[in-house]
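The block underneath contains the structure these notes are about, expressed in structure tokens.
Read-outs throughout are calculated quantities, based only on the coordinates presented, and are distinct from any laboratory measurement. Source: prediction; values computed, not measured. Cβ placement follows ideal geometry from the backbone for every residue including glycine, while neighbour counts extend to all protein chains displayed.
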Amino acid sequence: MNSENDRGVAPEQDGRASRWEAHREARRLDLLRIARKAIHRLGPNASMEDIAAEAGTSKSVFYRYFGDKSGLRRAVGSIVVEHMRSTVLEAGKTAATEEEGLHGMVAAYLAMAERSPNVYFFVTSLAHDPLAAEARGEEEDEEPLDTFFRDITTLMGESLAHYLDRTDRTAGSEQHTLLWPQASIGMVRAAGEAWLRMPASAEKPTHEELTDTITGWLVHGISGPSRKART
């Protein structure tokens, strides 16, 4: 008899649990959507109290769902950075040449960051070194940016290897080849973030101009292509 009761109650309990989990996830996603809008409007330093006020709730609700501001940053980052990662990788993988791939990846990265600089700076303002995470063996502590930079580094490394093989060139030692993608990512990020912080003016490069400039730095260095190559 007890076993029959158990069989009769279990599906109902499972159903309630499933509905509760679905409700909780829907509420979580709604809070993330509101948080992104609040950060976009208020800036990357918006407090949990300010964000909660935008959501029409108390900050204790955000703490319940995300733990603390770092947890909220990680949750927002998992959505924003994953979208950026897939967009940048797609641009690199579908290009016809290595240079076009770099150009497309830089353009996609800048476009995503420019869409909402406040949200970009919110999700990237971590006291965490994403490029060093793998070397430290901290996979369990991986941040959204870790996956982004690791995958971009891998793709750029593969593109460099293909380019060197196709053109019968060498970049020096294997260590130099391994460091180039990380150095390039650092430069793109630093230049892009400096550009985002520049006030609007006639001197500020457009998105397209900066994309061309950064791609030129990556391919030809600061001196650019030779005059002979341009003619």
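If each residue of separation counts as 0.36 nm, what is the full-extension length gain between ALA194 and GLU100 once their alpha-carbon separation is subtracted? Show your work: numbers first, answer last.
Values: separation 94, 0.36 × 94 = 33.84 nm, distance 2.35 nm.
Length difference between fully extended and current span is 31.5 nm.
Treat the count of other C-beta atoms within 10 Å as a stand-in for reagent exposure and order ARG27, ARG19 from fewest to most.
Fewest-to-most Cβ neighbours within 10 Å comes out as ARG19, ARG27.
Using the Karplus curve 6.51 cos²θ - 1.76 cosθ + 1.60 with θ = phi - 60°, what ³J(HN,Hα) values do you get for each residue of segment 19-29, in whole Hz, with x for Gly and Pro?
5, 5, 5, 5, 5, 5, 5, 5, 5, 4, 5
Going by how many other beta carbons lie within 10 Å of each one, how would you line up PHE66, PHE122, fewest first?
The fewest-first ordering by Cβ neighbours comes to PHE66, PHE122.
In the neighborhood of ASP30, defined by Cβ-to-Cβ distances under 13 Å, what is the net charge if each Lys or Arg adds +1 and each Asp or Glu adds -1?
+4
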